[in-house]
1. Tell me, how many Å apart are the Cα centres for segment 282-308 and for segment 196-219?
2. Using square roots of five times the C-alpha gyration tensor eigenvalues, list the equivalent-ellipsoid semi-axes of segment 662-702 in whole Å, biggest first.
3. Can you tell me the convex hull volume per residue for segment 532-633, based on C-alpha atoms, in Å³ to the nearest whole number?
4. Determine the principal axes of the Cα atoms in segment 330-457, then give the extent along each, sorted from largest to smallest and rounded to whole angstroms.
5. If I model a spin label as a point 7 Å beyond the Cα along the Cα-Cβ vector, how far apart are those points for Asn318 and Ala262 in nm?
6. Over the Cα atoms of segment 42-165, Rg to Rh with Kirkwood Rh, two decimal places?
7. If you take the charge dipole of segment 123-234 about its Cα centre, with +1 on Lys and Arg Cβ and -1 on Asp and Glu Cβ, which of Asn206, Met170, Ile158 is farthest toward its positive end?
8. Order these by the 10 Å Cβ neighbour count, fewest first: Ile604, Ile448.
Amino acid sequence: MAVLSKIRQRSLLLILVIGFCLLAFIIGDIINSGGFGGPSRNVGSVNGTDIPVQDFMQKVNDYSRMQQGISSTQATNLVWNQEVDRIIFAERFDDAGLRVGRDHVINMYSQNPQVGQNPQFLNAAGKFDKGKFNEFLLNMKTANPAQWEMVERERPNIENQAKRQLYITMLKAGVVATDADGMAKYKAENDKVSFDYVYVPYSTINDDQVKVSDDEIIAYMKKNEKKYEAEASRSIEYVLIENKPSTADELEMRQSINALLAPKVVYNEDTKANDTIPGFRNVENIEEFVNANSDVKYDTTYVAKKDLPLDHAEQIYNLGKGEVYGPYIDNGYYKLTKMVDRKQGASAKVNHILIAYKDAMRAAPTVTLTKEEAKAKADELLRKINSNPGSFAELAKENSDDPGSANNGGEYDNVVPGQMVKPFNDFVFNNPVGKTGVVETDFGYHVIKVSGKNEAVRLATIAQKIEPSEKTSDELFTKATKLEMDAQDKPFEELVKAEKLTTVPVNNLKANDENVQGIGNQRGIVKWAFSDDTKVGDVKKFDIPQGHVVVSLKGSYEKGLLPIEEAKETVLPILRDQKKAELVKQKMAGSTLDEVAQKSGSSIAKASDVTLAAPMITGIGSEPKVVGKAFALGEGKTSDLIEGKMGVFKIKVNSIAKAAELPNYSSYTSRMKTQGRGEVPSRIAMALKDKADIEDNRAEFN
């Protein structure tokens, strides 16, 4: 009883302690899950299904490792699209009760050419062998656990691809076209209408004669909200201050590289006397001299004339041995080039036809010829070529098993010694131009023609990159910094104008973009533009590889209708033409074409044999509404005024030529069915995404 009494006395304290603990637990969970303004633990959600950030970032890392050279933002956006697709389709798979087995998954792997055509997984008949592939996976589990783990992480995606393939196949089976559809298609393509018309273009009314307000544009978009909805976006403008050399810098560099031509006197610490170092023209150790003075190391390769800098090739190629050309500018470098040597037949132009045989190196699984049959075929082709040299290109296209050259006449140009396998190489460089023959290599039998030999030159080139001096770089940095700081107190546009700089506008930047028009990958600028701390009118300097860019945020638009400035590009012409149509109609009074032509100052023209499938009026363009009206009117009838795409029309139908009835329309029906089924994958994906409730937070993690 004493214990119970003490508990009762302290019950209020216990309740408060327990309540405080529960509150702390709830608040902690809210904070951890991104509540109260904290970052979300989910990259987003689709129809209520969360995409956890840890799983998402692991997939991004895996994708980046598999696709070398892809940027983090590109990987993030690609994985996001995959995740959205995965979730919206998974819902459909569940509703349809789709399941896939191991064979389905293996089949998906085999559809990848790197797997399905890999000789490691092919049987004796050249077909994909599931047993060999399974054995490979089992060996990987012990031999390369890290790679196995990546494959296992990817397996659910492969299973989803298999389900998606089944699902799409089911949907395609539901796409049908009836004989009535086929007949309608046939008539649309083959029924023809001819009519006279009077046409007054909208362009006869100047744009300044009709006014379209922003409110009218917004009202139009609201009526077509689905068509003109937009993601959150930003518009910016920037000034690029390039970190490039001044005229004085270039002159100094030219003088510096030009000085390398003449001898130079230097003090020798060892002999305590002056030494004369020969210039580039007379130096004996060319390689050492070039490497000591050039940003590009000495290269002993012989090069053909066509590989020399285009603007300087003639002068360089015609140098005598030991002569020097330059200084000259090429690809951002000041250069001096010296002729070291010239060699005949340094490279060759070759045409060949490869006839592979079964089990030859890299022979495709489809190759079935025996070695003897391949040799006989090569000999026969050689006979044809010798009797008709002009047939080589066509024979190569029809017969060669070398995919790298079959479609260009079997040609390889600028082949250098050692580039090809030895038998091939020896034939080319040990025979004169015009020689033909059959050569055996590990790849099969080659029908070869030596089409040309090229002279090549060996050059020594001193190349020094044209860069701004430290003084110039400092001045450019100061200029950009001052522009940023002054913009805190003065309008950005005025400052830019005073400095005689040029602004570059960039509209419709999205939160997950990384490229900024004109300056490439600038994810930092995009993140700054979308930061909660950045307000319209703010200005910030960014240092980029090209120099410095000073950016001003011009507009901030949340998710909803298109920004008015962007909408003007598409909506304004529509509304303007609608208003112009009313003014044009006032010029086109009359009940006959003659009256309308006289009143409007236009002439009567003819449109002949126009179809619904291709409603083109010569000299005007596509006018489906006008052509449709012509078919609906009937012969001899005159229309009211018709508002077309390019202007206002009045037409009189001369004739409607009905296409002859066909015994059946199966070819048209089949074509419509094939086309409809081909559109299923893209259309279903688009429809599901449009319907889905998608929350996108990836910009927080990218």
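1. So the separation of the two Cα centres works out to 66 Å.
2. Gyration-tensor ellipsoid for segment 662-702: 41, 9, 4 Å.
3. Normalising the Cα hull of segment 532-633 by residue number yields 253 Å³.
4. 56, 32, 24
5. Computed distance between label sites Asn318 and Ala262 equals 2.8 nm.
6. Value, to two decimals: 1.00.
7. Going by the charge dipole, the pick is Ile158.
8. Values: Ile604 15, Ile448 26.
The fewest-first ordering by Cβ neighbours comes to Ile604, Ile448.
A short reminder: the numbers here are calculations on the coordinates, not readings from a lab. It should be emphasised that the depicted structure is a prediction, and the values quoted were computed from it without experimental measurement. Methodologically, a virtual Cβ is constructed for each residue, glycine included, from the backbone with ideal geometry; neighbour enumeration extends over all protein chains shown.
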